[in-house]
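Engineer: Please read through the structure below; I'll follow up with questions.
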Amino acid sequence: MAKQLLKGNEAIVKGAILAGCRAFYGYPITPANEITEAAAWYLPQSGGVFLQAESEVAAINMVYGAAASGQRVMTASSGPGISLMSEGISYLAGAELPCVIADIMRGGPGLGNIAPEQSDYWQVVKNGGHGCYRTIVLAPASVQEMADLTRLAFELADQYRNPVFVLTDGVIGQMMEPVEFPDAPVLPPPPEWSVRGDAATRKNLVSSIFLQPDELEEHIRHLEFKYKLAERNEVRFERYRTDDADYILVGYGIVARILKHVVEDLRARGIAVGLLRPITLYPFPDEELRRLAKRAHHFFVSEMSTGQMVDDVRLALAGRAPVEFYGRCGGNLPTAEEIASFVLRRIREEVTLHA
Amino acid sequence: MPNYAILHEKPECLYEDYERKSELHRQTHYCPGCGHGIVHKLLAEAITELGIQDRTILISPVGCSVFAYYYFDVGNVQVAHGRAAAVATAVKRAHPHSIVISYQGDGDLAAIGSAEILHCANRGENITTIFVNNAIYGMTGGQMAPTTLLGQKTTTSPTGRDFHHDGAPMKVGEMLSALDGPTYIERVSLGNVKQIMLARKAIRKALETQIAGLGFSLVEFLSPCPTIWKLDPVDAQKHVHDVMEKHYPLGVKCDRIAERTAPPEPAPMTPLTDLPRILRLPSTEPAPLHFSEEPLDWRIRVAGFGGQGVLLLGQLLAEAGMDAGLHVSWLPSYGPEMRSGTSNCHVRLCSSEIDSPVVSRPNALLALNEPSLRKFIATVEPGGVVIYNGDSIPADCSRHDLRIVAQPFAEIADSLGSAKALNIVMLGAFLSLSHALPDSPIESALKRLVKSERWLELDRRALAVGRERVPAEEFVHA
Ligand SMILES: Cc1ncc(C[n+]2csc(CCOP(=O)(O)OP(=O)(O)O)c2C)c(N)n1
Ligand code: SF4
Ligand SMILES: [Mg+2]
């Protein structure tokens, strides 16, 4: 298929429909509106359902209903809406319902602003809702990945019977890049456990209740097992010039793109820098970080927040190497120049220290 | 014991043994004399009689009826507190031929789920809601509900519900009937056998409404909760009749069955082979263009007022760059900036893969107004190109290390017949000066983005005029 110049947000919807998504329930919020609008336009024509819900609370519960009915279903929002969806996401995970949720992050807390941030990391990766559950979190850094990872999100959601997030910032949602879609659209049959209003599925029950402690513990252990499986099999990341790197930069989404520029810039000055870009934020590439720490002796994390993913980098490295953080927030993007000079300053300090 | 609606046989759609329960598989978990038990039987009878058991999907709420799925041998979905109407909406839309019954208590429906039921009813979703109003939160041990009667003592209104403090008991049936969306709403009572027989008819009518595809139906049951009310089953039933019915008048609250028609049958499934067309995916790869062997890296910032076509200018560059076989990116400023009147975008055209789409050090600036020039000129890389819509560069903005063109492009556009062509005139000027892209991809991009033939003609002229006004080799230092 030929390339097409598309906004990241629109690529999500086309990618979703080609991946068999036939229901979208959402509520308007900037900077995710293009997703909802594209869904309103394309889904009904594709034989799917689009409905604008009265709130994100309703939207995520409609997602629950569609998932229980066996449809591939998604919603999209940004920080404030994701906060409202947290209850429903916990229920989806508890009832083992697959769905895809796109979070196009904006500035918080509170109303914050609509400019790009990465400050939903904690609530999405560590779970805004109650209970021992996890969501698989994919972090696209290009418009092509908005399409590709959305498709992957539907596959993982079905495979793990669990909500999967596509988490990115307003920049990736709003920007345009050429994107190429797969040739063959898919439409998998509804899962056999779903409830479809026919004799074949009459005995099916979708529920997150396990009244007896032993039953609930068993259920939670079953969920835990799935997450362990995902931790073993689903970690995805991109390495960029890390092979001979003494210094590793870590970032996701738009920040990873900026960091690539920083790598080039610092390499041109003779500094052996590389980039690790987590593509899955949960499961997190812990092992790869530890592997890199065998050679690299200093890690730099940059985020559009005051530091959220950096916690996971520190947890993964467990003291093997110092971890420095450079963040911008409020809707500001860190510039490549800013980050480069931050890294240079720290490297010089290190050199002075050891001299 | 009073004579409840006696069913000599268990309706088929109730399980014989309630195996989803952990113990006591022959009896329900409801207290003796509880209204839920009666409503379950009435509902089960109606489902069985109407022959819709296989098609039925029951939505269980949170409240004492949280375990409705223990009993009904139908498709079951258990949901979060208050959200039954939202879940039911999506279930029905996924399977329009199913019969979706959403079962809710008064705390569930009228308090925490008030938004969901209101909008579900207003949309006229073709589902049936069974609403059990017992004026109390049963499951959590007897707290006040929106439906609790004035003066009624509960654990959270220990001195009795007070109008000035807690407002008045909510009349859900009347409230929802005030909307145009619902088709059939009736309030019934479990206050005595005769009423129970009427309640039975109401359930049937509600389900028939759904089966005929005529829209939203709801039956509100005034229902005894002997345990929390601390009354024996007989007195509790009497209380429903003597006290609750005074505040909650029985009867049909709305019946628009005669006005409604069933929606058309759902369209047949869209063939997957139609999706590329529906999704407007391009079918043919443009012939790759190798117009330049030189490595190329344009980092362009376009800025101006909202409405000047700033974003479109940038998008044309990116579209054309893509057709020319380059790596491209386009990143708009978005949000409140747009509303306060300024607008800008970042465009990259690159012969190698693009790292960051963010242009913080542009090598080309297209400034459509003075504030934009002032904001961005200092960021332009030495040797970069600046095209400015203005007679001359303001003295305090001048830089001698840039190639700058300043012309009254807006006037030129005006003379072409539309000030709106300003962005395209400037595009022409930029292309002439920069040789960034050949003509054919610009033409194909224009054709893709400009839908009206009249505008396309104007834009072609604007492009040519822009090129003429800024001959390739001629630029001025401001
Ligand atoms: C979000 C949330 N808040 C509170 C609760 C606790 N809770 C469970 S049932 C219930 C009230 C149910 O009352 P009602 O809907 O009237 O049902 P009844 O038990 O009276 O039939 C509440 C508040 C909950 N489960 N979830
Ligand atoms: S507490 Fe009330 S509503 Fe709940 S089962 Fe007992 S009687 Fe029924
Ligand atoms: Mg109640």
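Engineer: Counting residues that are open to solvent by 30 Å² or more (accessible area, probe 1.4 Å), which helices (runs of 4 or more DSSP H) fully inside region B:400-478 reach at least 2?
Structural biologist: Values: elements: B:409-416, B:422-434, B:439-449, B:453-469.
Correct list: B:409-416, B:439-449, B:453-469.
Engineer: Tally time: how many residues in region B:128-155 are of a type outside the set (A, V, I, L, M) and within 10 Å of ligand 2 (Cβ to nearest atom)?
Structural biologist: Residues of region B:128-155 that are of a type outside the set (A, V, I, L, M), as a first pass: B:128-129, B:131, B:133-134, B:137-138, B:140-143, B:146-148, B:151-155.
Still in the running and within 10 Å of ligand 2 (Cβ to nearest atom): B:134, B:137-138, B:140-142.
So the answer is 6.
Engineer: Can you list the strands (runs of 3 or more DSSP E) found entirely within region B:53-156 that contain at least 2 residues being more than 16 Å from ligand 1 (Cβ to nearest atom) and either among the acidic types (Asp, Glu) or free of Cβ contacts under 8 Å to residues at least 40 places away in the same chain (or both)?
Structural biologist: B:75-78
Engineer: I would also like to ask the following. Under the condition of being among the β-branched types (Val, Ile, Thr) and under 24 Å from residue B:333 (Cα atoms), which residue from region A:1-17 is nearest to the chain's Cα centre (by Cα)? Let's see the steps before the verdict.
Structural biologist: So the first thing to find is which residues in region A:1-17 are among the β-branched types (Val, Ile, Thr), and the list is A:12-13, A:17.
Of the ones still in play, those that are also under 24 Å from residue B:333 (Cα atoms) are A:12-13.
Details: A:12: 12, A:13: 15 Å.
So the residue we want is A:12.
Engineer: Exactly one condition in (1) open to solvent by less than 50 Å² (accessible area, probe 1.4 Å); (2) away from ligand 1 (no atom under 16 Å from the Cβ); (3) touching a Ser or Thr at 6+ places or on another chain (Cβ under 7 Å) is not met by residue B:241; state its number.
Structural biologist: (1)
Engineer: Same structure again: Please find, among B:42, B:50, the residue that is open to solvent by less than 10 Å² (accessible area, probe 1.4 Å) and assigned by TED's automatic domain parsing to the domain that holds residue B:98. Lay out the reasoning, then the answer.
Structural biologist: Working: B:50 fails: open to solvent by less than 10 Å² (accessible area, probe 1.4 Å).
Only one candidate passes the filter, namely B:42.
Engineer: Is it the case that region B:90-102 has a residue that's in contact with a Ser or Thr (Cβ under 8 Å, 6 or more places away or on another chain), modelled with pLDDT of 95 or more and within 16 Å of ligand 3 (Cβ to nearest atom)?
Structural biologist: Taking region B:90-102 first, the residues in contact with a Ser or Thr (Cβ under 8 Å, 6 or more places away or on another chain) are B:90-92, B:94-95, B:98-102.
Right, trim to modelled with pLDDT of 95 or more and you get B:90-92, B:94-95, B:98-102.
After this cut, where a residue has to be within 16 Å of ligand 3 (Cβ to nearest atom) as well, the list is B:102.
The answer is yes, given that some residue of region B:90-102 is in contact with a Ser or Thr (Cβ under 8 Å, 6 or more places away or on another chain), modelled with pLDDT of 95 or more and within 16 Å of ligand 3 (Cβ to nearest atom).
Engineer: Does residue B:277 fit the bill of being within 14 Å of chain A (Cβ to nearest Cβ), in contact with a strand residue (DSSP E or B) (Cβ under 8 Å, 6 or more places away or on another chain) and among the charged types (D, E, K, R)? Talk me through it step by step, then tell me what you get.
Structural biologist: Values: within 14 Å of chain A (Cβ to nearest Cβ): yes; in contact with a strand residue (DSSP E or B) (Cβ under 8 Å, 6 or more places away or on another chain): no; among the charged types (D, E, K, R): yes.
No; evaluated as a whole, the condition is false for this residue.
Engineer: Here's a follow-up. Hey, does region A:83-91 have a residue that's closer than 27 Å to residue B:76 by Cα and in contact with a Pro (Cβ under 6 Å, 6 or more places away or on another chain)?
Structural biologist: First pass over region A:83-91, keeping only residues closer than 27 Å to residue B:76 by Cα: A:84-91.
Restricting the remaining residues to those that are in contact with a Pro (Cβ under 6 Å, 6 or more places away or on another chain) gives A:89.
Yes, that holds for at least one residue.
Engineer: A further question follows. Residues that are within 16 Å of ligand 3 (Cβ to nearest atom) and in the same structural domain as residue B:56 (by TED's automatic domain parsing): list the helices (runs of 4 or more DSSP H) wholly contained in region B:187-252 that include at least 2 such residues.
Structural biologist: On the way: elements: B:193-211, B:226-229, B:233-239.
Where helices (runs of 4 or more DSSP H) fall fully within region B:187-252 and carry at least 2 residues being within 16 Å of ligand 3 (Cβ to nearest atom) and in the same structural domain as residue B:56 (by TED's automatic domain parsing), they are B:226-229, B:233-239.
Engineer: If you don't mind, there's one more thing I want to ask. Working only within region B:103-142, note down all residues that are within 16 Å of ligand 3 (Cβ to nearest atom), more than 10 Å from chain A (Cβ to nearest Cβ) and open to solvent by 10 Å² or more (accessible area, probe 1.4 Å).
Structural biologist: B:105, B:111, B:114, B:134, B:137, B:138, B:139, B:140, B:141
Engineer: Condition (residue is surrounded by fewer than 22 Cβ atoms within 10 Å (Cβ to Cβ), touching a Phe, Trp or Tyr at 6+ places or on another chain (Cβ under 9 Å) and of a type outside the set (Asp, Glu)) applied to region B:322-336: is it met by at least one residue?
Structural biologist: Yes, region B:322-336 contains at least one residue that is surrounded by fewer than 22 Cβ atoms within 10 Å (Cβ to Cβ), touching a Phe, Trp or Tyr at 6+ places or on another chain (Cβ under 9 Å) and of a type outside the set (Asp, Glu).
Engineer: Let me ask something else about it. Quick one: which residue in A:322, A:278, A:334, A:283 is open to solvent by 10 Å² or more (accessible area, probe 1.4 Å), touching a residue at least 12 places away in the same chain (Cβ under 8 Å) and not basic (Lys, Arg)?
Structural biologist: On the way: A:278 fails: open to solvent by 10 Å² or more (accessible area, probe 1.4 Å); A:334 fails: open to solvent by 10 Å² or more (accessible area, probe 1.4 Å); A:283 fails: open to solvent by 10 Å² or more (accessible area, probe 1.4 Å).
Only one candidate qualifies: A:322.
The values are calculated or read from the model by the stated rules, or taken from the named source; none is laboratory data. Nothing here was measured: the structure is a model prediction, and the numbers come from that model. Glycine also receives a Cβ, built like all others from the backbone with ideal geometry; neighbour counts cover every protein chain displayed. Surface areas here come from the heavy atoms of the whole protein model, side chains and all, with no ligands, DNA or RNA. Shrake-Rupley method; radii C 1.70, N 1.55, O 1.52, S 1.80 Å.
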